[in-house]
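The values are calculated or read from the model by the stated rules, or taken from the named source; none is laboratory data. Given the structure is predicted, the values throughout are model-derived calculations rather than measurements. We place every Cβ from the backbone using ideal geometry, glycine too, and count neighbours over all the protein chains shown. Calculation scope for accessible area: heavy atoms of the full protein, side chains included, ligands and nucleic acids excluded. Shrake-Rupley method; radii C 1.70, N 1.55, O 1.52, S 1.80 Å.
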Amino acid sequence: MRWLYQEGIHSFDGMTNLSKKFRQELSQVSFISTLPPVHREQSTDGTQKFLFQLEDGNRIESVLIPDKARLTLCLSTQVGCALGCQFCLTGKMGRKRDLTVSEILNQILSVRNMLPGKTSITNIVLMGMGEPLANYKNVMKAIELMVYPDAFKFSSRRVTLSTVGLLPELEQLAKEKILFRLAISLNASDEESRSQLMPINRRYPLRKVLEICRNFSTRPRTRITFEYVMVEGMNDSPRDAKRLIKILKGIPSKVNLIPLNEAAGIPFKRPSEEKVRRFQEILMNDGMTAIVRASKGADISAACGQLQGKSSE
Ligand code: SAH
Ligand code: SF4
């Protein structure tokens, strides 16, 4: 594991503390996969987007986001996504397939390999293409290796999984030891607007998602982040803010407001800064933690909801 995940070595020959015979045996029964990028773009704000081609020709993207002392890598977990949220370009692609454990982890290894000298990735977010809980087994296995001391050894506080809250998987998670921070894409404070923005809400309603979140909250140190994409005229009024306060009462939480990233083919607008600020103030005046997450990398289509597995060239 140390050779693979810490040293990032590409051949068994290099694993010099293993016997020659064993190295030979290993190379007869297995191979070390790699994920070379086919394209790399840099935004004016320093964000970088990497396009990878998988063995079957499908393409995925990862985004590297520098922010003060942090360097966050945003990983994909599926090719496309089946859930079709109305504001998300990945959703427009539909779901092609799940990523394997190695395809998820190779995104970290490949990007790390391209970083200069002493730079290291400090945080991982599973917020790229795909719905992580729809690829539950592979994603959990990959996260296990991200936090495992002999593998990537990220602190579990620095790995965040973002999900719409698929109920069966969320219930399963509630029974397990959670090795990451949980972020739930709420995006609305009532069933009707959430269903309009996120069709999956008809099957797994907001009320039930929050019920499970409430149960999580009985565990120590499990403050949940609620993501809230702000869409003009859909969920951005003071009334929505007040309702959001009401439905999150009793859940140790933090709210990330994400002003919509507009794109061709997305039938919505981003609210004015003033409206976003007003919304945030209402939450904060009630004692909630609410931050406005400035999506980075919009000029290279690397911002939230803009990943489609193709470069702009
Ligand atoms: N499928 C998972 C993780 C990937 S999406 C999920 O939905 O949580 C990561 C985040 O990007 C989600 O919170 C989603 O609501 C947000 N997002 C999607 N499209 C967006 C857009 N056009 N503008 C801003 N945020 C967007
Ligand atoms: Fe899928 Fe997340 Fe995009 Fe919704 S927001 S379509 S769940 S990737």
Helix 20-29 vs. the chain, principal-axis angle (Cα, 0 to 90°, nearest 10): 50
For the chain, convex hull of alpha carbons as volume per residue, Å³: 142
Cα-based convex hull volume of segment 130-227 per residue, rounded to whole Å³: 95
Probe 1.4 Å, protein heavy atoms only - accessible area per residue of the chain in square angstrom: 49
Segments 48-55, 280-287, 160-167 sorted - mean Cβ within 10 Å per residue, highest first: 160-167, 48-55, 280-287
Mean Cβ neighbour count within 10 Å, used as a protection proxy, ranking 249-256, 22-29, 59-66 highest first: 59-66, 249-256, 22-29
Descending Cα extents along the principal axes, segment 186-313, whole Å: 49, 32, 29
Size of electric dipole in segment 55-162: Cβ of Lys, Arg +1 and of Asp, Glu -1, about Cα centre, debye, nearest 20: 280
Length gained when the stretch MET1-GLN86 is fully extended (0.36 nm per residue, less Cα-Cα span): 26.5 nm
Rounded to 5, the percent of DSSP beta bridges in the chain classed as antiparallel: 45
The chain, relative contact order [Cα under 8 Å, separation at least 6], %: 17
Linear extension gain, GLU191 paired with LYS20, 0.36 nm per residue minus alpha-carbon span: 55.4 nm
Fraction of accessible area attributable to carbon and sulfur, segment 205-310 (%, probe 1.4 Å): 50
Centre separation in Å (Cα based) which lies between segment 154-187 and segment 1-72: 25
Candidates GLY297, GLY130, GLY46, ranked by Gaussian network fluctuation over the chain, Cα under 10 Å, top entry: GLY46
In degrees, nearest ten, helix 238-248 long axis to first principal axis of the chain (Cα): 60
Cα convex hull of segment 66-189 - mean projected area over all directions, nm²: 8.6
Shape of segment 262-302, Cα gyration tensor, a/c cut at 1.5: prolate
Tilt relative to the chain, helix 273-285 - C-alpha long axis, 0 to 90 degrees, to 10: 80
